[in-house]
Amino acid sequence: FHKKVDENGYTGCLSFFDIKIVNTSIEVFNSDCEDAVNFVRSSGSIKALLIRNSLYDGLDADFSSLKFDLIDVKTAKNDCIDFSFGNYFLNQVIIESCGDKGVSIGETSKVKIENLSVSNSNIGLASKDFAEAMINIGFINTTKNCVEAYNKKQEFSGGFILANKLHCIDSHKNLSVDDKSLLKVNFL
């Protein structure tokens, strides 16, 4: 049995708190922590983030302002990447085999993704609780739901997704949106 939080209250196998990061590359393999990599109140740029075989979440970022050139996550039993309360720019995202969401965006986060690829996941992309997701080009395949926008927590409202070009392939359902959320998606 593994504790999801250590004795210091950290949830990440590799945690960054209150730090400025400059052009760093990170690789994490076989994580058994709640988050393989966790950023909290951090800023800066990450050249490449590679995560393989995470028992729970791959990447979790909270209250941060970060730019990622490349995020590559394969096999996370929960969310592959999860953003809350921050601003995030992702140039290229490659995600495979997520137990829950490929990309989860929540709690007022603003996330811009230039190129997104998600495959073999429960949900491709989710935006909730006042979060904004802006996708330039996305390919989401072999999912239960391609995209979802919804209200989860009562102190917030719905999510927003704007996608310039989104290919949903072999998904049970292309979209799921509640009455508090908004999707502006050019499905191809």
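The values are calculated or read from the model by the stated rules, or taken from the named source; none is laboratory data. All values derive from a computational prediction rather than experimental measurement. Don't worry about glycine lacking a Cβ; one is built from the backbone with ideal geometry, like all the others, and counts go over all protein chains shown. Note: accessible area is taken over every heavy atom of the protein model, side chains too, but ligands, DNA and RNA are not part of it. Shrake-Rupley method; radii C 1.70, N 1.55, O 1.52, S 1.80 Å.
The table that follows gives values for the structure above.
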{"read-out": "Exclusive hit being at pLDDT 95 or above and either surrounded by fewer than 20 Cβ atoms within 10 Å (Cβ to Cβ) or aromatic (Phe, Trp, Tyr) (or both), set SER97, SER104, SER157, SER121", "value": "SER97"}
{"read-out": "Any hit, segment 171-186, residues being under 22 Å from ASP72 (Cα atoms) and free of Cβ contacts under 8 Å to residues at least 40 places away in the same chain", "value": "no"}
{"read-out": "Some residue of segment 48-62 being in contact (Cβ under 8 Å) with a residue 24 or more places away in the chain and in a loop (DSSP other than H, G, I, E, B)", "value": "yes"}
{"read-out": "Checklist (1) surrounded by 14 or more Cβ atoms within 10 Å (Cβ to Cβ); (2) in a strand (DSSP E or B); (3) not hydroxyl-bearing (Ser, Thr, Tyr) applied to CYS33, failing item", "value": "(2)"}
{"read-out": "Looking only at segment 161-188, and only at residues there that are part of a strand (DSSP E or B) and more than 16 Å from GLY124 (Cβ to Cβ), the one that is modelled with the highest pLDDT", "value": "LYS184"}
{"read-out": "Residue ID - most open to solvent (accessible area, probe 1.4 Å), chosen from residues in segment 12-30 that are small (Gly, Ala, Ser) and closer than 17 Å to GLY86 by Cβ", "value": "SER15"}
{"read-out": "LYS144 being basic (Lys, Arg), open to solvent by 40 Å² or more (accessible area, probe 1.4 Å) and assigned to a strand (DSSP E or B)", "value": "yes"}
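For every residue, the table says whether it meets (1) β-branched (Val, Ile, Thr); (2) free of Cβ contacts under 8 Å to residues at least 24 places away in the same chain; (3) surrounded by 23 or more Cβ atoms within 10 Å (Cβ to Cβ); (4) part of a strand (DSSP E or B).
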| residue | (1), (2), (3), (4) |
| --- | --- |
| PHE83 | no, no, yes, yes |
| VAL93 | yes, no, yes, yes |
| LYS112 | no, no, no, yes |
| ASN115 | no, no, no, yes |
| ALA126 | no, no, yes, yes |
| ASN136 | no, no, no, yes |
| LYS152 | no, no, no, no |
